[in-house]
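Worksheet for the structure shown next.
Where a number appears in this text, it was derived from the coordinates with a stated rule and is not lab data. No experiment lies behind these values; they were computed from the predicted model shown. Methodologically, a virtual Cβ is constructed for each residue, glycine included, from the backbone with ideal geometry; neighbour enumeration extends over all protein chains shown.
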Amino acid sequence: MAKKKSAPQAKTAEPQKTEKKLKVSNAISARHILCEKHSKILDAIAELKKNMRFDKVAENYSEDKPKVGGNLGKLNRGSMAGPFQEAAFALPESTCDKPVYTDPPVKTKYGYHIIMVEKRY
């Protein structure tokens, strides 16, 4: 039995490392940049690639009404549009000064989103 137990542990070692990077969670704290036009969201991505802070780019480009650096607060799994949720839960945690974000942007019925996750719960 020891051999059977050790073999699966070796096989699951890599996925466990991935899970540590992307902790399984039912909620996230996220920010986004929302633009109706694809060209505008691409301009926002260009700014992010110049190492601009995510919250500052969100304030300058996002068409979402509450301009608080794109902060969406805590979002529960199942409360978001399908493509947005899939992309958001696939992202690792990051910070506004060193964001890990969706590139290409995510298309939903609301427009194009650049998403970053600050915390996983």
Subject >> Count of region 78-103 residues which are more than 13 Å from V117 (Cα to Cα), touching a residue at least 24 places away in the same chain (Cβ under 8 Å) and part of a loop (DSSP other than H, G, I, E, B) >> reply: 2
Original post:
Among the residues of region 54-77, which ones are over 15 Å from the mean Cα position of the chain (by Cα) and assigned to a loop (DSSP other than H, G, I, E, B)?
Top reply: S62, E63, D64, K65, P66, K67, V68
Subject >> Selection count where residues are within 21 Å of K37 (Cα to Cα) and acidic (D, E), scope region 52-107 >> reply: 5
Subject >> Check on T95, of a type in the set (S, T, Y) and surrounded by fewer than 19 Cβ atoms within 10 Å (Cβ to Cβ) >> reply: yes
**OP:** Mind listing just one residue for me: the one in region 78-92 that is aliphatic (A, V, I, L, M) and within 10 Å of the chain's Cα centre (by Cα) and, of those, surrounded by the fewest Cβ atoms within 10 Å (Cβ to Cβ)?
**Re:** A90
Original post:
Would you pick out the residues in region 20-42 that are surrounded by 14 or more Cβ atoms within 10 Å (Cβ to Cβ) and assigned to a helix (DSSP H, G or I)?
Top reply: K40, I41, L42
